1. Rounded to the nearest percent, how much of the accessible area of the stretch 175-307 (1.4 Å probe, protein heavy atoms only) is carbon and sulfur?
2. How large is ³J(HN,Hα), in whole Hz, for each residue of the stretch 185-190 in order, when computed from phi with the Karplus curve 6.51 cos²θ - 1.76 cosθ + 1.60 and θ = phi - 60°, using x for Gly and Pro?
3. Evaluate E = 1/(1 + (r/R0)^6) for R345 and L374, where r is the Cβ-Cβ distance and R0 equals 51 Å; express this FRET efficiency to the nearest 0.05.
4. Give me a comma-separated list of calculated 3J(HN,Hα) values for the stretch 81-97, in order, Karplus coefficients 6.51, -1.76, 1.60 applied at θ = phi - 60°, integers in Hz, x for any Gly or Pro.
5. What is the distance, in nm, between label points placed 7 Å from the Cα along the Cα-to-Cβ direction at K80 and at R270?
6. Under the rule a/c < 1.5 gives rounded, and otherwise a/b versus b/c splits prolate from oblate, where does the stretch 313-364 land using the Cα gyration tensor?
7. So what's the stretch 175-307 giving for Cα Rg divided by 2.2 N^0.38 Å, two decimals?
8. Roll a 1.4 Å probe over the protein chains and send me the accessible area per residue for the chain in Å².
Amino acid sequence: MPRKRTAAPAVARPPVLRRIAISTGGGDAPGLNAVIRAATLSALQHGWEVVGIRDGYNGLMNPGNYPWGGLVHLNRETVKGITHLGGTIIGSTNKGNPFSLPVKQADGTVVEEDHSDRLVAAFHREGIDALVSVGGDGSLAIAHRLAGKGIRVVGVPKTIDNDLDRTVITFGFDTAVSFATDCVDRLHSTAEAHGRVMVVEVMGRYAGWIALNTGIAGSADAVLIPEIPYDLRKVAEKVNERFHGGGGFAIVVVAEGAKPVDGAATVRSREAGRADRLGGVGEKVAAALQEMTGHETRCVVLGHLLRGGRPTSFDRLLSLRFGAAAVRALAEGHQDVMVALNPPRVDLVPLEEVSGRMRAVPLDSDSVMTARELGMCFGD
Ligand code: F6P
């Protein structure tokens, strides 16, 4: 069923925009530069000036930290040849929430403070009429709150984790899954050569989309995702079955946010003002499987490799479409909305419907059913 377009209709007389800003926030994802290029080139066609805010909102809030200025002027020259590049030419941060900024106090403690009014004042001071905010759940929630403070904003959904609601897919995900699948393909031959179990840890904090799709595409024997708490005895059974059935090796894909039936996700470290840093579940699973099955086991953590590199052509096209659609939305007078893929269209959805909502893998989805029908084990 196609989704209904629920965003407010374009206003009859769109506002006059002269200068817009682009911000990229949260963990980077392949395709950010393509969004920047498309949004810039589209905006230039409207005669608008375009600036990129360095490192989320830091360039606006703390311009003194940037000897060459906190804003990057975006024009034909500066966005030339960047579609295929990973990262973001304007920088990003996941520590820059203006509504709860971690600030070091005189006594050394860190306290989260609301600096949003200072940010809004900086938007006005710089003559910025509208904002294209490219980010995941955290950045889009911030964008929605800025809209509540009078900033004209359009969001663009980004995350390799693909866990944003109200869009069929986010850019960066396809690149991450393609790379992870290539790694699993490579691990097959070494696993087989040595008769080992290979455990592959991939990103996926709250949702197991990367692990699931990689596991299916890469013919894994087991996939552990946050949505399905696992019992390692079931995984060990599957591994033994695979060895005894003549396979002689096994591949297990684990999302970093996967948790056992009687436990929680593995947290590597905690820091004020940012989400817990996950990681380490792959090593735990590998050690336990070696102990339980007696088969030599190795763990490979793909981690940030999944966020780097050139976007696939799918992600490039999606990012370019999203960037152009964001500027089109601003030109039509929309605000406080997010561009979203609703094939074949790119639609607009209210940011309010996205903010604070996470899209987990539905347990009755075709992908989960397919995996089970292929004989894959989820540890349940
Ligand atoms: O972009 C989301 C994500 O990839 C999560 O899966 C992961 O937990 C997080 O980024 C890691 O972020 P950082 O770069 O701060 O370690």
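The values are calculated or read from the model by the stated rules, or taken from the named source; none is laboratory data. Just so you know, these numbers come straight off a predicted model, no measurement behind them. Cβ sites come from the backbone with ideal geometry, for glycine too, and all protein chains shown count toward neighbours. Each accessible area value is taken on the protein alone, full model and side chains, heavy atoms only, with ligands, DNA and RNA left out. Shrake-Rupley method; radii C 1.70, N 1.55, O 1.52, S 1.80 Å.
1. That fraction is 48 percent.
2. 4, 5, 5, 4, 5, 6
3. Step by step, r from the Cβ atoms, then E = 0.95.
4. x, 10, 4, 8, 8, x, x, 8, 5, 9, x, 8, 7, 10, 10, x, 6
5. Result: 5.1 nm between the two label points.
6. In terms of gyration-tensor shape, oblate.
7. So the stretch 175-307 has a normalised radius of gyration of 1.00.
8. 43
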